[in-house]
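Only the coordinates and a few stated rules stand behind these numbers; no lab work does. Computed from a prediction, not measured in an experiment: that's the story for all the values here. Ideal geometry is used to build each Cβ from the backbone, glycine not excepted, and the neighbour counts take in all protein chains shown.
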Amino acid sequence: MSGWIDRRRSAVLLHITSLPGPFHKGVLGQEACSFIDDLVSGGFSVWQFLPLGPTHGHGSPYESLSTFAGNPELLDLRDCVDRGWLQAAQLTDNCSAQKHKELRNLAGKQFWSAVVNSSELQQEIKAFQAAHAYWLSDYALFAALKVALNDHAWWQWSEALRDRDPEALLSAREEHAELIEQIVFEQFLFDQQWHKLKVYAESRGIQLFGDLPIYVAHDSSDVWAGREYFTVNEKGLCQDVAGVPPDYFSETGQRWGNPLYRWEKMQADGFSWWVSRVARQLELMHMLRIDHFRALESFWAIPGESEDGIVGEWRAAPGGAMLQTLQQELGELPLIAEDLGIITDEVTALREEFKLPGMKILHFAFDGNADNPYLPDSFGEDAVVYTGTHDNDTTMGWFASSDQQTRGNALKVLDAEPEDMPWALIESALSSKAELAVIPMQDLLALGTEAKFNTPGTLENNWCWRLSSLPDHDADCWTRSAELNKQSQRI
């Protein structure tokens with residue numbers, strides 16, 4: 001059992017944006033606190049969500065403008081009313097993304113006006129800027145330039161800005177000072193609201209479980225400000241990109257398009273970028289999933305001009321040295337390895353060396369193969385078991401769309417009838433030996449494919465599912481899960 005997971009626990013997977021509320025997305029406000037109360041009612045002690053960074057237009061939290069910044073769309077503007085930076089009459093139900101942005105800008109102007117007359121606010125904002133200077137200055141300028149330059153990618157900017165000419169950067173900071181101030185305000189407020197939520201979670205015995213994409217977006221402040229660490233050329237274009245080779249999921253592999261890491265440069269610098277990245281995430285949450293963990297052992301490198309994942313080569317990564325450095329700098333690593341797909345013995349050895357639990361997905365368990373590693377009885381404590389993840393259909397959707405043989409295998413293994421789903425699978429996850437069991441909120445509500453959160457490889461209709469309201473604390477989903485959590489000794 002991983003030393004940092006102190007006992008058998010269970011979690012609910014629900015991204016912040018899926019919370020109900022008056023804004024176009026869920027926010028870091030009263031609904032988040034109410035959901036924490038719901039988790040307690042259900043006997044859960046962990047809340048898992050997706051990455052928190054600011055997103056591009058398609059909304060994927062795995063393609064962020066910064067690995068360090070928070071998404072300003074998650075800000076609860078009611079807090080700005082309470083603090084005198086907005087008026088209550090300015091907030092309306094069903095506040096659109098555009099309206100939310102306009103109100104954030106108004107709040108920002110009022111904030112900076114208030115700073116002039118408040119020594120307390122002056123100290124708070126200065127302390128925040130000083131503590132986060134290692135990423136905030138570059139991100140604020142990057143985000144301001146994205147606004148000023150019609151959202152063009154950084155490699156399409158003028159050569160001087162693209163290549164970070166010192167005089168051009170200084171001039172841009174002066175020209176776009178108001179935009180930069182607005183972005184700093186948003187990050188300051190995000191940090192305050194998040195830490196208020198974290199303190200509340202801790203007071204209720206709930207741990208926050210975040211997600212770290214293995215790669216960063218090409219069009220991000222991370223790559224623009226740290227080009228030496230990424231496989232981009234002198235024009236900012238990708239020489240090599242990330243993805244996976246052809247497999248039974250795809251005949252042409254997958255081309256993700258993220259630049260790869262220049263691991264030799266990162267290692268020569270003592271993995272300082274990774275230390276800062278993980279340290280920042282662990283300020284915000286108690287545990288962290290590393291997406292596509294296998295790339296820390298070896299990764300598929302695709303030529304930048306290729307349109308798919310067929311052409312490429314495996315390259316070794318110094319993941320062991322990097323994790324060792326993280327351990328030395330940050331102490332025990334509360335990390336979970338996303339080790340799905342085709343995993344080699346070397347990847348498993350790396351995960352086990354650092355005592356990182358891997359993932360087991362029950363939707364993958366019922367192909368009829370007695371050696372299937374996802375079968376509920378096939379894994380031990382050193383695992384995090386899921387009914388399904390944000391990339392899977394809901395359990396009801398999966399069961400309905402599976403072929404007759406798969407459904408029959410599932411019911412036989414679970415000793416269940418069709419009408420017992422999804423609770424038969426939920427019970428299997430909770431009663432398993434895995435030290436942490438994670439149930440998507442959609443499964444607790446027995447929702448179908450209409451509630452699927454993401455379809456990998458597509459850009460349309462993803463990341464937008466939301467709860468219309470939170471179930472009451474004594475709702476069936478919470479009373480049933482509390483009973484199962486107690487039976488499986490996860491309370």
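Using Cα positions and a limit of under 23 Å, work out the lysines in reach of K198, with same-chain residues fewer than 8 apart set aside.
Result set, ordered by chain and number: K25, K126.
Tally the DSSP beta bridges in the chain and give the antiparallel ones as a percent, rounded to 5.
On the way: 15 of 41 bridges.
Roughly 35 percent of the DSSP beta bridges within the chain come out antiparallel.
Would you kindly state how much longer the chain becomes between I343 and L106 on full extension, computed as 0.36 nm times their sequence separation minus their alpha carbon distance, in nm to one decimal?
80.3 nm
Projected onto the charge dipole of region 72-205 (+1 at Lys/Arg Cβ, -1 at Asp/Glu Cβ, origin at the Cα centre), which of Q90, A168, A144 gives the Cα projection farthest towards the positive end?
Towards the positive end, the residue furthest out is Q90.
With a bin width of 5 angstrom, please list the P(r) values of region 72-205 as percents of all Cα-Cα pairs, from the 0 bin to the one holding the largest distance.
Bin by bin from 0 Å, the calculated values are 2, 9, 16, 20, 18, 15, 11, 5, 3, 1, 0.
Counting only C-alpha contacts under 8 Å and six or more residues apart, can you give the relative contact order of the chain as a whole percent?
Taking the mean separation of contacting Cα pairs over the length of the chain, I get 20 percent.
Under a Cβ-only charge scheme (Lys and Arg +1, Asp and Glu -1), can you give me the dipole magnitude of region 211-346 about the Cα centre, in debye to the nearest 20?
On the way: 10 positive and 23 negative charges, 75 e Å.
Computed charge dipole of region 211-346: roughly 360 debye.
Which of the aspartates and glutamates could be linked to K265 by a straight reach, that is with a Cα gap under 13 Å, when you skip same-chain ones fewer than 8 residues away?
Partners found: E228.
Where does the chain land on the Kirkwood hydrodynamic radius, alpha-carbon pairs, in angstrom?
Computed over the chain, the radius equals 23.8 Å.
Show me 299-307, 420-428, 177-185 ranked by packing, highest mean number of other Cβ atoms within 10 Å first.
Packing order, densest peptide first, comes out as 420-428, 177-185, 299-307.
How many angstrom lie between the C-alpha centres of region 84-103 and region 242-321?
One Cα centre to the other: 39 Å.
For C464 and Q192, what is the calculated FRET efficiency with R₀ set at 25 Å and r taken between the beta-carbons, to the nearest 0.05?
FRET efficiency, C464 to Q192: 0.40.
Using Cα pairs under 8 angstrom and six or more residues apart, how large is the relative contact order of region 348-401, in percent? Numbers along the way, then the final one.
Details: 51 pairs, mean separation 18.3, N = 54.
Normalised by residue count, the contact order of region 348-401 is 34 percent.
With θ taken as phi - 60° and the coefficients 6.51, -1.76 and 1.60, list the Karplus ³J(HN,Hα) couplings across region 50-60 in order, rounded to whole Hz; mark glycine and proline as x.
Result, rounded to whole Hz: 9, x, 9, x, x, 9, 6, x, 6, x, 5.
Going by average Cβ neighbours within 10 Å, how do the peptides 394-401, 411-418, 484-491 rank, with the highest at the top? If you can, show how the numbers build up before the last one.
Numbers: 394-401: 20.9, 411-418: 13.9, 484-491: 17.1.
Listed from highest to lowest mean packing, they are 394-401, 484-491, 411-418.
What angle do you read, to the nearest 10 degrees and between 0 and 90, between the alpha-carbon axis of helix 476-487 and the longest principal axis of the chain?
70
Are there trypsin sites (Lys or Arg not before Pro) in region 170-242 that DSSP marks as loop and that have at most 10 other Cβ atoms within 10 Å, and which are they?
For trypsin sites (Lys or Arg not before Pro) across region 170-242 that sit outside H, G, I, E and B with at most 10 neighbouring Cβ atoms in 10 Å, the list reads K235.
To the nearest 10 degrees, how steeply does helix 166-175 sit against the main Cα axis of the chain, on a 0 to 90 scale?
Relative to the chain, helix 166-175 is tipped by roughly 90 degrees.
Measure off 7 Å from each Cα along the Cα-to-Cβ vector at S276 and E175, then give the distance between these two points in nanometres to one decimal.
2.5
Could you work out Rg/(2.2 N^0.38 Å) for region 62-131, with Rg from alpha carbons only?
1.24
Rounded to the nearest 0.05, what FRET efficiency do W4 and E159 give with R0 = 41 Å and r taken as the Cβ-Cβ distance? Could you check?
Computed FRET efficiency for W4 and E159: 0.30.
Note the angle between two axes, namely the Cα long axis of helix 177-203 and the longest principal axis of the Cα atoms of the chain, as a number of degrees from 0 to 90, rounded to the nearest 10.
So the helix axis and the longest Cα principal axis differ by about 30 degrees.
Given charges of +1 on the Cβ of Lys and Arg and -1 on the Cβ of Asp and Glu, with all other atoms neutral, how large is the dipole of region 153-282 about its Cα centre, in debye to the nearest 20?
My answer is approximately 520 debye.
For K412 and K433, compute 0.36 nm times the residue count separating them, minus their Cα-Cα distance, and round to one decimal in nm. If you can, show how the numbers build up before the last one.
On the way: separation 21, 0.36 × 21 = 7.56 nm, distance 1.95 nm.
Result for the pair: 5.6 nm of gain on full extension.
First measure r as the distance between the Cβ atoms of A168 and Q239, then evaluate 1/(1 + (r/R0)^6) with R0 = 22 Å and state the FRET efficiency to the nearest 0.05.
About 0.35, to the nearest 0.05.
Under a Cβ-only charge scheme (Lys and Arg +1, Asp and Glu -1), can you give me the dipole magnitude of the chain about the Cα centre, in debye to the nearest 20?
Working: 39 positive and 72 negative charges, 194 e Å.
Around 940 debye, computed over the chain.
Which of the lysines could a cross-linker span from K412 if the Cα-Cα distance has to be under 22 Å and same-chain partners fewer than 8 positions apart are dropped?
K360, K433
Considering Cα pairs under 8 angstrom that are at least six residues apart, work out the relative contact order of region 211-346 and quote it in whole percent.
Result for region 211-346 is 27 percent.
Can you sort H195, H100 so the residue with the fewest Cβ neighbours within 10 Å comes first? Mind dumping the intermediate values first?
Values: H195 13, H100 20.
So the residues, fewest neighbours to most, are H195, H100.
Of Q267, L106, A437, whose Cα points farthest to the positive end of the dipole of the chain (charges on the beta-carbon: +1 Lys, Arg; -1 Asp, Glu; origin at the Cα centre)?
Among Q267, L106, A437, the one farthest towards the positive end of the dipole of the chain is L106.
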